[in-house]
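Okay, structure first, notes after.
Rule-based calculations on the coordinates, nothing more; no lab input. Everything quoted here is computed from the prediction, not taken from an experiment. Counting neighbours? That spans all protein chains shown, and the Cβs are built from the backbone with ideal geometry, glycine included.
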Amino acid sequence: MAHHDLLIIGAGSGNSVIGPELDDWDIAIAEPWVFGGTCLNRGCIPSKMLVHAADLALAARHAPALGVHTTFDGVDWPAIRDRIFGRIDPIAESGLEYRHSLDHVTVYESEARFTGDRTFDVAGAPVSADRVVLAAGARSVVPDLPGLADTPFHTSDSIMRVDELPRHLVILGGGFIALEMAHVFHGLGSRVTILYRGDLLLRRADEDVRRRITDIYADRLDLRLGTEVEQVSHDGAFRFDLSDGSTLEADALLVATGRRPNSDRLDVAAGGVDVDRGGYVTTDEFLRTSAEGVWALGDITNPAQLKHTANAEARVVAHNLSATGDLWPIDRSLTPAAVFCHPQIASVGLTEAQLLADGRPFLRSLRDYSDIAYGWAMEDTTGFVKLLADPGTRLLLGAHLLGPHAPTLIHQLIQGMAHGLTVDQMAHDHLYIHPAMSEVVEQALLEL
């Protein structure tokens with residue numbers, strides 16, 4: 001039986017656990033897919049490269065309203081796609097080649113499944129390890145819809161690599177993947193229909209954000225809320241029988257109805273690793289699982305499923321693996337998130353609904369982008385900053401931004417929250433550049 005000091009299952013953020021301090025360890029990585037994980041290959045990076053192209057296409061359409069004579073004449077989809085994956089694929093390949101080149105690292109290009117306490121079946125061969133890191137990520141959820149399995153549908157794994165720009169793309173779902181891909185393909189020239197059974201998009205977002213982005217998307221594309229698919233068929237084109245009695249046809253389908261952790265593929269129960277109701281591996285504050293010598297990080301353990309949280313967790317695990325007593329805890333008390341749809345969305349902390357449900361008193365401030373000079377310059381009519389603060393401590397409890405550069409603007413608020421600054425300190429203790437976009441944050445803070 002092959003035995004290692006450390007076995008890492010998953011080569012996304014798990015790959016970054018390996019540092020110089022482990023040069024004298026015998027390490028193995030089990031990865032059945034490509035190196036780099038979801039973010040590099042089928043998530044954050046390629047999607048944002050597509051988002052940037054869609055932003056430029058929309059800017060060309062909208063510039064005439066500002067007196068700039070631009071037009072949108074379509075896109076060269078293969079050129080857009082190949083620019084992205086022509087850069088990404090070599091990075092994944094070089095990561096695999098680099099790990100293969102290291103004398104103290106063994107790469108298993110296959111799945112690893114628990115067979116017992118830190119013992120595994122890897123491509124039919126037994127493997128064991130003193131320590132194990134579970135970083136196997138998550139995968140798309142495919143609903144059990146009649147006929148769906150017999151159609152050539154896409155998930156986020158494949159939609160960004162299609163050969164042709166769809167004429168009409170139907171998207172099932174109303175979360176961040178649905179919104180980002182709707183922006184990409186609509187922005188680049190496809191007709192897009194979103195089918196979502198809920199009444200507002202982005203189920204976990206603050207309600208003011210949900211209402212605003214739902215209104216924006218309803219004006220921009222074919223958004224059908226409160227709608228379920230009863231039957232899907234494909235005969236050269238997709239046909240959807242909908243819950244309202246209508247039918248819909250399209251040439252492409254993206255299923256974006258959520259993601260689930262890959263704990264089941266690892267058969268973690270056989271290794272004594274506990275999971276919660278959602279299948280996420282449970283850990284303590286040091287990212288240790290219920291099984292001795294087994295740690296977990298990233299999407300397999302964290303429902304937030306964010307690359308920046310996975311990176312932070314990888315740093316914690318990397319330290320704790322070789323620490324003799326000074327273990328680092330993970331701090332997820334402030335976990336910011338962003339949606340790179342159009343307009344962009346960013347949030348951190350509690351929503352208004354959560355505060356109301358907890359019965360916590362709060363102060364509320366909402367300032368529109370149009371309240372500041374740069375908002376006027378952009379003719380922005382939809383963006384806003386919403387802040388929620390504790391009336392006693394004057395600490396910021398939540399921040400929710402919708403509009404251009406929202407994921408960048410929120411960082412000064414995150415930093416203030418992380419360092420325990422009051423809203424008064426954040427508003428008054430430094431100067432805000434005029435007429436920069438950050439003035440909308442200043443005005444929201446001053447309102448509190």
- Sorted by average packing, counted as other Cβ atoms within 10 angstrom per residue and highest first, what order do 393-399, 229-235, 282-288 take? 393-399, 282-288, 229-235
- Query: So how strong a dipole does segment 301-403 carry about its Cα centre when Lys and Arg Cβ are +1 and Asp and Glu Cβ are -1, to the nearest 20 debye?
  - Reply: 160 debye
- Message: I want the antiparallel fraction of DSSP beta bridges within the chain, as a percent rounded to 5.
- Response: 55 percent
- Task: Quick one: order Met1, Met49 by neighbouring beta-carbon count within 10 Å, fewest to most.
- Result: Met1, Met49
- Theoretical gain in end-to-end length, Asp103 to Glu164 [0.36 nm per residue, Cα-Cα removed]: 17.7 nm
- Let me know the shape class of segment 82-212, please: from the alpha-carbon gyration tensor, a ≥ b ≥ c as square roots of the eigenvalues, rounded when a/c is under 1.5, otherwise prolate if a/b is greater than b/c, or oblate. prolate
- Query: Cα centroid distance between segment 122-163 and segment 88-102, in Å?
  - Reply: 21 Å
- Query: Can you give the net charge of the other residues whose Cβ lies under 10 Å from the Cβ of Pro261, counting K and R as +1 and D and E as -1?
  - Reply: +1
- Item | Over segment 392-441: Rg over Rh, Cα atoms, Kirkwood Rh | 0.95
- Taking 7 Å along the Cα-to-C-beta vector as the label spot, tell me the Thr408-Ala353 distance in nanometres, rounded to one decimal. 3.0 nm
- Find how much the distance from Thr381 to Ser322 grows on full extension, using 0.36 nm per residue of separation minus their present alpha carbon separation; answer in nm with one decimal. 16.0 nm
- Cut-off 14 Å between beta-carbons: net charge of the residues surrounding Ala57, Lys and Arg +1, Asp and Glu -1: -1
- Task: Indicate the gyration tensor shape class of segment 220-370 (rounded, prolate or oblate), computed on the Cα atoms with a ≥ b ≥ c the square roots of the eigenvalues: a/c under 1.5 is rounded; otherwise a/b larger than b/c is prolate and the rest oblate.
- Result: oblate
- Task: Among Leu388, Ala125, Met417, pick out the residue whose Cα is farthest towards the positive end of the charge dipole of the chain, where Lys and Arg carry +1 and Asp and Glu carry -1 on C-beta, about the Cα centre.
- Result: Leu388
- Query: Could you state the number of Å between the C-alpha centres of segment 172-187 and segment 277-349?
  - Reply: 26 Å
- Message: Translational diffusion coefficient of segment 322-399 at 10 °C, 1.306 mPa s, Stokes-Einstein with Kirkwood Rh over Cα pairs, in µm²/s as a whole number.
- Response: 105 µm²/s
- Looking at the square roots a ≥ b ≥ c of the eigenvalues of the Cα gyration tensor of segment 267-349, which shape do they give, rounded for a/c under 1.5, prolate if a/b is larger than b/c, or oblate? oblate
- Radius of gyration and Dmax over the Cα atoms of segment 178-263, both given in Å: 13.8, 41
- Given the Cα-Cα distance of Arg394 and Asp274 and 0.36 nm per residue of separation, how much length would full extension add, in nm? 39.3 nm
- Note on the structure: Highest mean packing first, using Cβ neighbours within 10 angstrom, the peptides 31-42, 171-182 sort as 171-182, 31-42
- Message: Based on the alpha carbons, how large is the Rg to Rh ratio for segment 1-85 when Rh follows Kirkwood?
- Response: 1.29
- Rg and Dmax of segment 19-169, Cα atoms, in Å? 21.3, 68
- Message: Run lengths n ≥ 4 of DSSP H only: what is the helix-derived mean residue ellipticity at 222 nm for the chain, with -39500 (n - 2.57) per run over all residues, to the nearest 500?
- Response: -9000 deg cm²/dmol
- Task: Would you mind ranking Asp89, Asp331, Asp368 so that the residue whose beta carbon has the fewest other beta carbons within 10 Å leads the list?
- Result: Asp331, Asp89, Asp368
- Message: Just to verify a number: FRET efficiency for Phe85 and Thr115, C-beta to C-beta distance, R0 = 22 Å, to 0.05?
- Response: 0.05
- Message: Going by average Cβ density within 10 Å per residue, which order do the peptides 237-246, 60-69 take, highest to lowest?
- Response: 237-246, 60-69
- Item | All-pairs alpha carbon distance profile, segment 343-447, 5 Å steps from 0, percent | 2, 14, 25, 26, 18, 10, 4, 1, 0
